[in-house]
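A.B. asks: Here it is: the structure, laid out below.
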Amino acid sequence: MKAFVVDRYQRQAALRLADMPTPEPREDEVLVEVHAAGVNLLDAKIRNGEFKLILPYRLPLVLGHDVAGVVVKVGPQVRQFKVGDEVYARVDDFRIGTFAEFVAVKEASLALKPRGLTMEEAASIPLVGLTAWQALVDKAGLGKGQKVFIQAGSGGVGTFAIQLAKHLGATVATTTSTTNVALVKGLGADVVIDYKTQDFEDVLRDCDVVLNSQDGKTLEKSLRVLKRGGKLVSISGPPDPEFGKEVAAPGFVRLLMRLLSSGVRRRARGLGVGYSFLFMKASGSQLHEITRLVEAGAIRPVMDRVFPFASTNEALAYVEAGRAKGKVVVRLK
Ligand SMILES: NC(=O)c1ccc[n+]([C@@H]2O[C@H](COP(=O)([O-])OP(=O)(O)OC[C@H]3O[C@@H](n4cnc5c(N)ncnc54)[C@H](OP(=O)(O)O)[C@@H]3O)[C@@H](O)[C@H]2O)c1
């Protein structure tokens, strides 16, 4: 099968279009014919070697985490899916490889594609949708009447998280640049801060939850817009010791995580707020919940561009440039 692979870790390096063996699904996996694959910054970061310590992959590696497609083969233990089902997933770490004609996916990570969405739209959802879910629902327990600050509302995570937070009954504040103000308002954001002309610290206070996705300076300021007892969930680091435990990282990596996050954890304690790092995980059951919200019309995918499969490197470069409005997807079928 045709696939885009990483031969060695290097910034900006092009993925190589290679002929790779079609993966053989394990007993608890299905083989999916890929119709569309979502592109994420995680793909670029892995290619750059930034995740070597946390996700020690063997090279060459077929890249890509998000898929929508059709089941063409099922392992003997698979119960919920059959050949011909239209499905979507954020595939598991160490089983990635959606920038390819076929990918093997664990049954537990898969869900039926929402009715009414194209394959491209479905492929845009899993990684960012699950990130928003695990940050706002699992980590923060966001609920009705609470105030949440979601940074970068016009990005992949932001466009989904705004809609999920509104569905949960929260008041949503977000940051974006001037050109995207109408987009985030259209998604339901109540307070929109144009980061080109305003400092969110001058506008926001007493938030219950912050979803942090930006740099260290933004993280520091974000601690100060929370009320006492509020929670900051960061998806852009630094990783905390809990995360090290969760992924069973080796001792020296755990120590590194403890050190990297010691400053922000100390300052959070001083302010009486919570700090936690999230690295999202594959989950078919949460994706099933997301399917229901999409089918009910509570959440819609926001698409920026669809690239042909042959232009996967261009798609990755476009995402890396950091200006995407919603999601970028490559189409295979
Ligand atoms: N830990 C995890 O599990 C996890 C999961 C998903 C993503 N992430 C990370 O979270 C970050 C966001 O991911 P993403 O997929 O949402 O990225 P993305 O879609 O590439 O984000 C692009 C958007 O960010 C906006 N933006 C850029 N700088 C900004 C700023 N200073 N303030 C407000 N908005 C700004 C841009 O809007 P303008 O053009 O208007 O500036 C653009 O719409 C990345 O670092 C990604 O790696 C982590």
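The values are calculated or read from the model by the stated rules, or taken from the named source; none is laboratory data. Bear in mind the structure is a predicted one, so any value in this text is a computation, not a measurement. Cβ sites come from the backbone with ideal geometry, for glycine too, and all protein chains shown count toward neighbours. For accessibility, only protein heavy atoms count, side chains too; no ligands or nucleic acids. Shrake-Rupley method; radii C 1.70, N 1.55, O 1.52, S 1.80 Å.
A.B. asks: If residue 45 satisfies all but one of (1) away from the ligand (no atom under 16 Å from the Cβ); (2) outside any loop (DSSP other than H, G, I, E, B); (3) loosely packed, with under 15 Cβ neighbours inside 10 Å, what's the number of the condition it fails?
C.D. replies: For residue 45, the exception is condition (1).
A.B. asks: What single numbered condition from (1) within 21 Å of residue 150 (Cβ to Cβ); (2) within 13 Å of the ligand (Cβ to nearest atom) fails to hold for residue 247?
C.D. replies: In the conditions (1) within 21 Å of residue 150 (Cβ to Cβ); (2) within 13 Å of the ligand (Cβ to nearest atom), residue 247 misses (1) alone.
A.B. asks: Yes or no: residue 322 open to solvent by 30 Å² or more (accessible area, probe 1.4 Å) and without any contact (Cβ under 8 Å) to a residue 24 or more places away in the chain? Full working, then the answer.
C.D. replies: Details: open to solvent by 30 Å² or more (accessible area, probe 1.4 Å): yes; without any contact (Cβ under 8 Å) to a residue 24 or more places away in the chain: yes.
The answer is yes for residue 322.
A.B. asks: Inside region 161-180, can you point out the residues that are open to solvent by 10 Å² or more (accessible area, probe 1.4 Å) and either in contact with a Lys or Arg (Cβ under 9 Å, 6 or more places away or on another chain) or more than 9 Å from the ligand (Cβ to nearest atom) (or both)? Before the answer, list the steps.
C.D. replies: First, pick out the residues of region 161-180 that are open to solvent by 10 Å² or more (accessible area, probe 1.4 Å): 163, 166-169, 171, 175, 177-180.
Once the filter is applied, which keeps residues that are open to solvent by 10 Å² or more (accessible area, probe 1.4 Å) and either in contact with a Lys or Arg (Cβ under 9 Å, 6 or more places away or on another chain) or more than 9 Å from the ligand (Cβ to nearest atom) (or both), region 161-180 yields 163, 166, 167, 168, 169, 171, 177, 178, 179, 180.
A.B. asks: Further question on the same structure: Of the residues in region 181-203, how many are more than 12 Å from the ligand (Cβ to nearest atom), without any contact (Cβ under 8 Å) to a residue 24 or more places away in the chain and of a type in the set (Asp, Glu)?
C.D. replies: Number satisfying all stated conditions: 2.
A.B. asks: Related question: Under the condition of being within 25 Å of the chain's Cα centre (by Cα) and open to solvent by less than 20 Å² (accessible area, probe 1.4 Å), which residue from region 63-80 is nearest to residue 9 (Cα to Cα)?
C.D. replies: 63
A.B. asks: Moving on to the next point. State yes or no: is residue 294 in contact (Cβ under 8 Å) with a residue 60 or more places away in the chain, under 30 Å from residue 120 (Cβ atoms), within 13 Å of the ligand (Cβ to nearest atom) and aliphatic (A, V, I, L, M)?
C.D. replies: Judged against the criteria, residue 294 is not a match.
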